[in-house]
Amino acid sequence: MAKKKVAVLISGRGTNLQSLIDACADERFPAEIALVVSNRPEAPGLERAKRAGAPTLVIDHLPYGKGAEARAAFDAALSKALKEAGIDLVCLAGFMRILSAEFVKDWEGRLLNIHPSLLPAFKGLNVHQRMIEAGVKIAGCTVHFVSPEMDSGPIIGQAAVPVLAGDDADLLAARILKEEHRLYPACVKLVAEGRARLVGDVVEFDKTVPAGAPLLNPRA
Ligand code: GRF
């Protein structure tokens with residue numbers, strides 16, 4: 001089967017991009033990185049893409065200005081670039097922009113995000129500090145199909161990690177990030193193979209997906 005063309009959208013360091021680059025380096029992986037887009041020209045993740053020989057594109061959001069019209073124009077430029085590159089799947093990986101409902105609708109079922117919490121708990125920013133302050137004992141990360149509301153949408157997979165005594169936000173973030181790097185490629189694989197798909201507002205898994213496959217358990 002032809003490999004699915006994946007675009008990874010970043011704004012920063014791009015360690016999740018790296019995990020997808022590494023997964024795609026295996027010839028049996030059902031996807032290839034066909035484009036890396038950053039809305040920030042200085043995003044360090046762009047170097048990772050270049051090193052891997054993946055095409056990069058910067059669409060700087062600043063010249064677009066602010067407001068709904070600016071957002072629509074930015075999103076239209078983004079969507080056009082993705083379509084021109086023949087993209088099948090779009091993976092948000094630390095892409096620090098809210099996408100318009102039009103964009104999300106256009107890419108429905110083909111747009112994935114990773115978030116460093118067990119959604120629907122702890123959406124938004126500053127997640128690790130908020131989890132520590134709330135005293136949660138199990139944290140983790142989630143890969144989901146994107147719905148228009150931020151950090152929402154049908155869940156494809158989750159990985160859990162313990163929150164340990166003495167953790168600060170950085171320690172917890174590092175523990176979760178390690179699992180993000182396992183979870184995102186695992187979920188992209190399922191979607192690229194058509195074994196996990198968005199049907200209405202739920203994720204349907206193929207019968208060949210073992211129960212619990214998209215769940216990565218804590219390794220204490
Ligand atoms: C990750 O924690 C991801 O879950 C969140 O943004 C962070 C991006 O990190 N959406 P990186 O740029 O992939 O290293």
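Descriptive notes on the structure:
- Distant-in-sequence amide H partners of K3 (H built 1.01 Å from N, under 5 Å): none
- Rounded if a/c under 1.5, otherwise prolate or oblate - the range 36-115, Cα gyration tensor axes: oblate
- Within the range 123-172, the trypsin sites (Lys or Arg not before Pro) that combine a DSSP coil assignment with at most 15 other C-beta atoms in a 10 angstrom radius are K123, K137.
- Ranked list, fewest to most other Cβ atoms within 10 Å of each Cβ, for V199, V209, V6: V199, V209, V6
- Each residue of the range 76-132 gets 90 Å³ once the volume of the Cα convex hull is shared out per residue.
- Along its first, second and third principal axes, ordered by size, the range 64-220 spans 47, 43, 24 Å in Cα coordinates.
- Packing-based order for 103-112, 183-192, 50-59, using average beta carbon neighbours within 10 Å, highest first: 183-192, 103-112, 50-59
- GluC sites (Glu not before Pro) restricted to the range 141-218 and DSSP loop, no more than 12 other C-beta within 10 Å: E149
Rule-based calculations on the coordinates, nothing more; no lab input. Small disclaimer: the values here were computed from a predicted structure and weren't measured. Note that each Cβ is placed from the backbone with ideal geometry, even for glycine, and that neighbours are counted across all protein chains shown.
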